[in-house]
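The values are calculated or read from the model by the stated rules, or taken from the named source; none is laboratory data. Everything numeric here is computed off the predicted structure, so don't read it as measured data. Positions of Cβ are backbone-derived with ideal geometry, glycine not excepted, and every protein chain shown enters the neighbour counts. SASA here: full protein model, heavy atoms, side chains in, ligands and nucleic acids out. Shrake-Rupley method; radii C 1.70, N 1.55, O 1.52, S 1.80 Å.
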Amino acid sequence: MTTETAKRDSIGVAVIGGGMAGRAHAAGYRTAGTLFGLEHPDVRLVAIADANPAVADDNVRRYGYERAEYDWRAIAEADDIDAVSVVVANHLHREMVEGLLAAGKHVLCEKPLAGSLADAEAMLEAACAADQVAAVGYTYRRAPAVEQIRRELAAGSVGDLVHFNGHYWCDYALDPTSPITWRYQGGPGTGALADVGSHLIDLAEFVCGPIAEISGARFHTVITERPIPIGTTYGHTKGAVSDQKAPVENEDIATFTATFAGGAAATFSASRVAHSLPDGLGFELFGTGGSASWELARIAEFQLATDDVRADLNGPRRITIGPDHPYIRGGLPMDAGGVGHGKAELFAYQARAFLDQIAGIDVLGPLPGFDTGLHSMRVVAAIAESAAGGGATVKVL
């Protein structure tokens, strides 16, 4: 990194967006300076920005930042801020990211990269023209169990990949009285698929390699209209609503099959109306010599079966994450075996990787760039095209 920021003794950080994921980013930066070695620059928690002053003020007090801002442009103009997380509605990403890059800020943008392919392409062009780190927040890549499974597959422990099956099932949209928000607007492919399915697609490609082809896609909308909110809504929380309703423009459920570039098959299911599953992400993969599986609900363990075990004793065995697995030794305050970890640590690992990338230090490896974010959106576009064509086979561009 040749920027002036990399030469400083500290990195000033800010978060734009004070909702659910924004709070996770804010807390992640607060923890990042305590992780692993001490060779990285100090982290200065400078600002939280949100258009709702009460939300910005609350997050500043809660997470120990220096000040609140109520317009993202104040973050771009600030001399004491070097790195920024953009955690707002997808269709707002482009203007903010381009403005921040033009102002010389490093940017970590939440997934999906943008609200449209055209915006994502423009953002990648802006990132390529800049001399800053531009990364996308696919947080689940930092799960120790996921990284270990990826390593096992790459090392041949389970043989050649045959089939990946993944699901991301959530219940946040099951209640028909939940208000209409940007998550329910934007057309086919921008609903459950873009919101939670994009994480699942990225995990599949992170572990198994790029997806080359989509087929058999189907979209279903269970709740076709929702009440209009009164005031501002954040995340998946309920709020006061009016007696007027607006149509839901995108899907509650998406299912599809895929083929990886290496030839293996994949099946996927994403839902935001899955009863009693607040965060039901998981996958199974099957190889010619073994299998592996992981569930977010049991984040600090995974299952593995391999052919190097006696046949009468073989089968999926539960492996508890510990200091011999990725990110744990030095990455938890108590990094002993069996202690476990939660989802919040993934945001801290992501923040640390982002800051290390800015400083030119390679501890956890780089975050996915805007090129990955654009590719992921092209996969989503191929799925939407398949669904519009009655399940037709579509190549990923």
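Of the solvent-accessible surface of the stretch 281-365, computed with a 1.4 Å probe and all protein chains present, 51% belongs to carbon and sulfur. Label-to-label distance, Q244 versus K343, with points set 7 angstrom from Cα along the beta-carbon direction: 3.3 nm.
The magnitude of the dipole of the stretch 132-229, with charges of +1 and -1 set on the Cβ of Lys/Arg and Asp/Glu and taken from the Cα centre, is near 140 debye. Gain on full extension, evaluated as 0.36 nm per residue between E213 and T232 minus their Cα-Cα distance, stands at 2.9 nm. Ordering T232, F354, F370 by the projection of their Cα atoms onto the charge dipole of the chain, which places +1 on the Cβ of Lys and Arg and -1 on the Cβ of Asp and Glu, puts T232 at the extreme positive end. What separates the Cα centres of the stretch 316-370 and the stretch 180-231 is a distance of 27 Å.
Put simply, the Cα atoms of the stretch 2-76 extend 36, 24, 18 Å along their principal axes, the longest span coming first. When only alpha carbons are used to place a centre, the stretch 34-61 and the stretch 235-269 end up 31 Å from one another. Every pair of different Cα atoms in the chain enters the Kirkwood calculation, which places the hydrodynamic radius at 21.8 Å.
With a simple spin-label model that places each label point 7 Å from the Cα along the Cα-to-Cβ direction, the separation between L313 and H275 comes to 4.3 nm.
Relative contact order of the stretch 27-133: 19 percent, from C-alpha pairs under 8 Å at least 6 residues apart in sequence. Projecting the Cα positions of P53, G28, S116 onto the charge dipole of the stretch 10-140 (unit charges on Cβ atoms of Lys, Arg, Asp and Glu, taken about the Cα centre) puts G28 furthest along the positive direction.
Rounded to whole Å, the principal axis extents of the Cα atoms in the stretch 243-397 read 51, 49, 40, largest first. Residues whose amide H falls under 5 Å from that of L277, counting only those 5 or more places apart or on a different chain, are D171, with hydrogens built in the peptide plane.
Counting only protein heavy atoms and a probe of 1.4 Å, the accessible surface of the stretch 93-186 is 49% carbon and sulfur.
Heavy atoms of the protein chains alone define the surface here; on that basis the chain has 41 Å² accessible area per residue at 1.4 Å probe size. Using only side-chain charges placed at the Cβ, +1 for Lys and Arg and -1 for Asp and Glu, the dipole size of the stretch 10-140 relative to its Cα centre rounds to 480 debye.
3J(HN,Hα) along the stretch 34-45, derived from phi through the Karplus expression 6.51 cos²θ - 1.76 cosθ + 1.60 where θ = phi - 60°, amounts to 8, 8, 6, x, 10, 7, 7, x, 5, 9, 9, 8 Hz, with x in place of Gly and Pro. Quotient of the Cα radius of gyration of the stretch 127-260 and 2.2 N^0.38 Å, N being its number of residues: 1.30.
Since only P176, I214, L100 are under comparison, the one whose Cα sits farthest along the positive direction of the charge dipole of the chain, derived from C-beta charges on Lys, Arg, Asp and Glu, is P176. Of all alpha-carbon pairs in the stretch 10-140, indicate the percentage at a distance above 20 angstrom. The share of Cα pairs beyond 20 Å in the stretch 10-140 comes to 40 percent. Under 5 Å from the amide H of A300 lie the amide H atoms of H341, each residue being 5 or more positions distant or on a separate chain, with H modelled from the backbone and absent for Pro and chain starts. Remark: the chain carries a charge dipole of roughly 620 debye about the Cα centre, counting +1 on each Lys and Arg Cβ and -1 on each Asp and Glu Cβ. Mean sequence separation of contacting Cα pairs (under 8 Å, at least six apart), scaled by the length of the chain, corresponds to a relative contact order of 20 percent.
3J(HN,Hα) couplings calculated from phi for the stretch 20-33 with the Karplus curve 6.51 cos²θ - 1.76 cosθ + 1.60 (θ = phi - 60°) are, in sequence order, 4, 5, x, 5, 5, 5, 4, 5, x, 5, 5, 8, 3, x Hz; Gly and Pro show x. Near the amide H of V133, within less than 5 Å, lie the amide hydrogens of V107, all on another chain or at least 5 residues away, with H placed in the peptide plane. With the simple spin-label model, which puts each label point 7 Å out from Cα in the Cβ direction, the A261 to T288 separation comes to 2.1 nm.
Does the stretch 345-397 come out rounded, prolate or oblate, given a ≥ b ≥ c as the square roots of the eigenvalues of its C-alpha gyration tensor, rounded meaning a/c under 1.5 and, failing that, prolate meaning a/b above b/c? Prolate shape, in that a/c is at least 1.5 and a/b is the bigger ratio.
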